[in-house]
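Colleague: Structure in structure tokens, see below.
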Amino acid sequence: MCLTKRPLFGNPPAHTAHTSGSSSTKILDIMAHTNQMNMPMGPWKITVYDQEYYQGRWWEFTSCCKNIMEYGMENIRSMKVECGAWVGFEHSSYNGQQFVLEKGDYPCFEAYMGSHGYRVERMMSFRPIYSACHKESRMCVWECENMMGRQWELCDDYPSLQAMGWHNNEIGSMKVQSGAWVCYQYPGYRGYQYIMECDCHGGEYRCYREFGTHAHTPQIQSIRRIQH
């Protein structure tokens, strides 16, 4: 996993658990069983809820969550991103559909799913996007696998690659030189999302199978920089 490429230092912050309608608050120090999740401190904060519209049990996180069930929740149905950019995953251990989560409120599934190819009402893991830097994002894309064929350098948002001059609806490989990007299956930032980061795989994605565990095709027709 790309998470292991991050430098490890410091202690993970305690996560705060709450239940709606209760005045009790408990702090759980999870370091004893998640030393492998130690991550650098940074300006990241997300609050997740097990019911839509910020109801039910909720947790505050400032670092990765590999499986929300470890915190007594069966699913994430709404959330508030207060600091930083995050990526959510359909399954535990950062697998399945990806959802870019930028600063803002997400009261229900539809708010973070976007226009996917099929409805996904499940989010089980998430982590910060450490390399997100909107103004400094650059990447190169190639028409074939292993950085072969026609090449194009990107430094802006592209709601339609074809309209900007890319000759087909597929990208064979790419290299993220700086920042982080979200690629979409269809024009207009629709369809499956693929989060591309300069600090994962050394920024290199040599074939579509490296785009994500849910990638079954090299079809990408719009790309934008991730807001931090």
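The values are calculated or read from the model by the stated rules, or taken from the named source; none is laboratory data. No experiment lies behind these values; they were computed from the predicted model shown. Every residue, glycine among them, receives a Cβ derived from its backbone with ideal geometry; neighbour counts consider all protein chains shown. SASA here: full protein model, heavy atoms, side chains in, ligands and nucleic acids out. Shrake-Rupley method; radii C 1.70, N 1.55, O 1.52, S 1.80 Å.
Colleague: Can you confirm whether segment 85-107 contains a residue that is open to solvent by 50 Å² or more (accessible area, probe 1.4 Å), without any contact (Cβ under 8 Å) to a residue 60 or more places away in the chain and among the aromatic types (Phe, Trp, Tyr)?
Modeller: No, there is no match, as no residue in segment 85-107 is open to solvent by 50 Å² or more (accessible area, probe 1.4 Å), without any contact (Cβ under 8 Å) to a residue 60 or more places away in the chain and among the aromatic types (Phe, Trp, Tyr).
Colleague: Also: Can you tell me how many residues within segment 210-227 are touching a helix residue (DSSP H, G or I) at 6+ places or on another chain (Cβ under 6 Å) and either small (Gly, Ala, Ser) or in a loop (DSSP other than H, G, I, E, B) (or both)?
Modeller: Filtering segment 210-227 down to residues touching a helix residue (DSSP H, G or I) at 6+ places or on another chain (Cβ under 6 Å) leaves 215, 218, 225, 227.
The next check asks that each one be either small (Gly, Ala, Ser) or in a loop (DSSP other than H, G, I, E, B) (or both); those that pass are 215, 218, 227.
Residues in segment 210-227 being touching a helix residue (DSSP H, G or I) at 6+ places or on another chain (Cβ under 6 Å) and either small (Gly, Ala, Ser) or in a loop (DSSP other than H, G, I, E, B) (or both): 3 in total.
Colleague: Right, next: Sort out for me the strands (runs of 3 or more DSSP E) sitting completely within segment 138-209 that have 2 or more residues that are open to solvent by less than 10 Å² (accessible area, probe 1.4 Å). I'd like the intermediate steps shown before the answer.
Modeller: On the way: elements: 138-144, 148-154, 173-178, 180-186, 190-197.
Passing ranges, in order: 138-144, 173-178, 180-186, 190-197.
Colleague: Another question, then. Condition first: touching a Ser or Thr at 6+ places or on another chain (Cβ under 6 Å) and within 21 Å of residue 128 (Cα to Cα). Now tell me which residues in segment 190-204 satisfy that.
Modeller: Answer for segment 190-204, where residues must be touching a Ser or Thr at 6+ places or on another chain (Cβ under 6 Å) and within 21 Å of residue 128 (Cα to Cα): 197, 198, 199.
Colleague: Look through segment 211-222, keep the residues that are over 14 Å from the mean Cα position of the chain (by Cα) and surrounded by 17 or more Cβ atoms within 10 Å (Cβ to Cβ), and return whichever of them is nearest to residue 119 (Cα to Cα).
Modeller: Out of the qualifying residues, it is 215.
Colleague: Restricting the search to segment 154-193, which residues are on the phi > 0 side of the Ramachandran plot and among the aromatic types (Phe, Trp, Tyr)?
Modeller: Hit for segment 154-193 is 189, nothing else.
Colleague: Kindly indicate whether any position in segment 68-81 is within 21 Å of residue 196 (Cβ to Cβ) and either aliphatic (A, V, I, L, M) or at pLDDT below 95 (or both).
Modeller: Checked against the condition, which is being within 21 Å of residue 196 (Cβ to Cβ) and either aliphatic (A, V, I, L, M) or at pLDDT below 95 (or both), segment 68-81 yields at least one hit.
Colleague: Do you know which of the residues in segment 118-137 that are within 11 Å of residue 97 (Cα to Cα) and of a type in the set (Ser, Thr, Tyr) is least open to solvent (accessible area, probe 1.4 Å)?
Modeller: Top of the filtered list is 125.
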